[in-house]
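Before any comments, here is the structure.
The values are calculated or read from the model by the stated rules, or taken from the named source; none is laboratory data. The structure displayed is predicted, hence computed values, not measured ones. Ideal geometry is used to build each Cβ from the backbone, glycine not excepted, and the neighbour counts take in all protein chains shown.
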Amino acid sequence: MANTTTAGGFLLVVAIVLPVAGVLVSLLLGGRRAERVAFVVMPAGLGVALAIATRIWRTHDVLQYFVGGWMPPLGVGFRADGLSAVMIVASALLVCGIGLFARAQFKTPPGSETRAPLMFWTLLLAIWAALNTVFVGSDLFNLYVGLELLTFAAVPLVSLDGRPETVAAALRYLLFALLGSLLYLLGAVLLYGAYGTLDIALLCRRIHAEPAAWAAISLMTAGLLAKAALYPFHLWLPPAHAGAPAPASAILSGLVVKAPFFLIIRLWFDVMPGMPERAAAQVLGILGAAAIVFGSIVALRQARLKLLIAYSTVAQIGYLFLLFPLAIRPETGHPWGTAAWTGGILQAVSHAFAKAAMFMAAGLIAEALGHDRIAGLAGAGRALPITVFAFALGGLSLMGLPPSGGFIAKAMLLTAAVAEGQWWWAPVILAGGLLAGGYVFLVLARAMGEPIEPLRLSAEVSRGRQAVVAAVALCAVLLGFVPLHPSDFLQIGRSVAATAGTR
């Protein structure tokens, strides 16, 4: 593709600027108007996301925009392919759903202005802007900036209530994130020193297999693994979720940890197309398999519902990294067009909806019962039937049962394992589904049981909030109707990188 701005490319800038403008206006107007600003920005941002996806679908080509008309390496460019469009739309839908859910929890009381509503709505919009920056960025340094903005917007959400334990969890998250950022930035410096650019399109033409390149990619990948909470770098994630508000946990688990995974894909398949080696990919696969087994087993042993869901996130992240050993072709390194490529991306999206729904459901259960102890959930199924049903729908996707998106994703990964002759990943995928079924059914069995004493609710939960949770969970199920073959939409723009890398 020529280095020119494409028709409709300005939408990529709007996708970033719109939530940033919302943050600035919210800070200017104050806490009592932050919610109103967010509810103006959210539908507008969703419309922009759908417009980007529609444009890419109709033209079957990437969107590009170069700020000020300056071409790389001097200028700043934005680029969106099929993968970017999927993540942008998924993020927009989840941000809107989480915003609707959080409205009752972070509503400014009449006649007063409190800190929590202002911080929540501005941080939510800031996270959205940072995510869009990551999804459309085409320069490794700009991607670093977007990733840092994401970190510094996500960390305060963990400690929004100001309790000592949540502050400690936020600081642990911050330390892991800063370590990851340091490793990423060091790798970027090595690449710039060796090749004189950090623009992905230019870099993939110049980079070749040599010690400097491998050292840089290894450092950047390790840093991103810490931010993605892949085992054994997961230590920050469960404590962060344990005390965070339910909407914060939903966006952290559903979206924030997906951004580092997205950047690892960019590094491995866009920056160095054709270079990834089977041995390096196997290492990522082993870490993913360990995460599936470890996270699932520890989730079964949890006494609190939010911690169970948090360790389930550790396990489900592991499936994403099975993409690398299953999708890489030794002769080209190009994964698109394989079942593993579509399955891995579908796993990321379906997990985002399922886990967001489960964290929001857990928040409603804790709000209604006054606790989230699994042993004390008896009667919750009758008191909150829609909420428990939404939790079950999310669990359906985690288990990989039809007709959920998780079923299609895991079926594609299994198909790829058999087709590529890497049978050893199949038992891990199947075992992860069985263990997920164990902890999901444990919660449902408790919730559907009869309480020893009549259940007294600590607070009333509106049906509107329950309906939002059910709608988000239903999205994870509807993804199960994706055809069982590699998606053409996810391949849009991939051939561009491949061609560039072979010049």
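Just a few scattered comments:
- The residues listed here are 318, 370; of these, the one that is in contact (Cβ under 8 Å) with a residue 24 or more places away in the chain, of a type outside the set (Val, Ile, Thr) and under 30 Å from residue 280 (Cα atoms) is 318.
- Residue match in region 91-110 (condition: farther than 20 Å from residue 42 by Cβ and at pLDDT below 90): yes
- Region 116-143, residues that are β-branched (Val, Ile, Thr) and not in a helix (DSSP H, G or I): none
- Checklist (1) surrounded by fewer than 23 Cβ atoms within 10 Å (Cβ to Cβ); (2) among the hydrophobic types (A, V, I, L, M, F, W, C); (3) assigned to a helix (DSSP H, G or I) applied to residue 235, failing item: (3)
- Residue within region 69-78 that is of a type in the set (Phe, Trp, Tyr) and within 22 Å of the chain's Cα centre (by Cα) present: yes
- Count of residues meeting criterion [closer than 26 Å to residue 153 by Cα and among the aromatic types (Phe, Trp, Tyr)] in region 242-300: 2
- Residue match in region 131-145 (condition: under 20 Å from residue 184 (Cβ atoms) and without any contact (Cβ under 8 Å) to a residue 24 or more places away in the chain): yes
- Of all the listed residues (179, 191, 175), the sole one being of a type in the set (A, V, I, L, M, F, W, C), closer than 30 Å to residue 64 by Cα and assigned to a helix (DSSP H, G or I) is 191.
- Any chance residue 141 is of a type in the set (Phe, Trp, Tyr) and within 30 Å of residue 44 (Cβ to Cβ): yes
- Enumeration of residues in region 362-374 that are in contact with a Lys or Arg (Cβ under 7 Å, 6 or more places away or on another chain) and either under 15 Å from residue 462 (Cβ atoms) or in a helix (DSSP H, G or I) (or both): 362, 364, 374
- The condition (being closer than 25 Å to residue 348 by Cβ, modelled with pLDDT of 85 or more, over 25 Å from the mean Cα position of the chain (by Cα) and basic (Lys, Arg)) is satisfied by just one residue among 58, 36: 58.
- Residues of region 434-486 that are among the small types (Gly, Ala, Ser) and either buried (at least 20 other Cβ atoms within 10 Å of the Cβ) or part of a helix (DSSP H, G or I) (or both): 436, 437, 438, 445, 447, 464, 467, 470, 471, 473, 476, 480.
- Within region 191-229, the set of residues being under 24 Å from residue 174 (Cα atoms) and buried (at least 20 other Cβ atoms within 10 Å of the Cβ) comprises 216, 217, 219, 220, 221, 223, 224, 225, 226, 227, 228, 229.
- Exclusive hit being surrounded by fewer than 23 Cβ atoms within 10 Å (Cβ to Cβ), in contact with a helix residue (DSSP H, G or I) (Cβ under 9 Å, 6 or more places away or on another chain), assigned to a helix (DSSP H, G or I) and at pLDDT below 90, set 281, 240: 281
- Residue in region 103-110 that is more than 18 Å from residue 246 (Cβ to Cβ), surrounded by fewer than 21 Cβ atoms within 10 Å (Cβ to Cβ) and hydroxyl-bearing (Ser, Thr, Tyr) present: yes
- Criterion applied to 251, 265 was being crowded, with 24+ Cβ neighbours inside 10 Å and touching a residue at least 60 places away in the same chain (Cβ under 8 Å), and the one residue passing it is 251.
- Test: residue 403 is assigned to a loop (DSSP other than H, G, I, E, B) and either at pLDDT 90 or above or farther than 26 Å from residue 281 by Cβ (or both): yes
- Residue within region 412-426 that is without any contact (Cβ under 8 Å) to a residue 60 or more places away in the chain, part of a helix (DSSP H, G or I) and surrounded by 18 or more Cβ atoms within 10 Å (Cβ to Cβ) present: yes
- All conditions but one from (1) under 21 Å from the mean Cα position of the chain (by Cα); (2) free of Cβ contacts under 8 Å to residues at least 12 places away in the same chain apply to residue 167; the one that does not is (1).
- All of 375, 315, 352 fail the test of being out of contact with any Phe, Trp or Tyr (no Cβ under 9 Å at 6 or more places or on another chain) and surrounded by 24 or more Cβ atoms within 10 Å (Cβ to Cβ), apart from 352.
- Selection count, region 50-72, where residues are without any contact (Cβ under 8 Å) to a residue 60 or more places away in the chain and either among the polar types (S, T, N, Q) or part of a helix (DSSP H, G or I) (or both): 10
- Some residue of region 217-236 being within 21 Å of residue 286 (Cα to Cα) and of a type in the set (Val, Ile, Thr): yes
- Filtered residues of region 73-83 (kept if within 13 Å of residue 9 (Cα to Cα) and free of Cβ contacts under 8 Å to residues at least 60 places away in the same chain): none
- Enumeration of residues in region 240-264 that are in contact with a Phe, Trp or Tyr (Cβ under 9 Å, 6 or more places away or on another chain) and over 16 Å from residue 151 (Cα atoms): 245, 246, 247, 264
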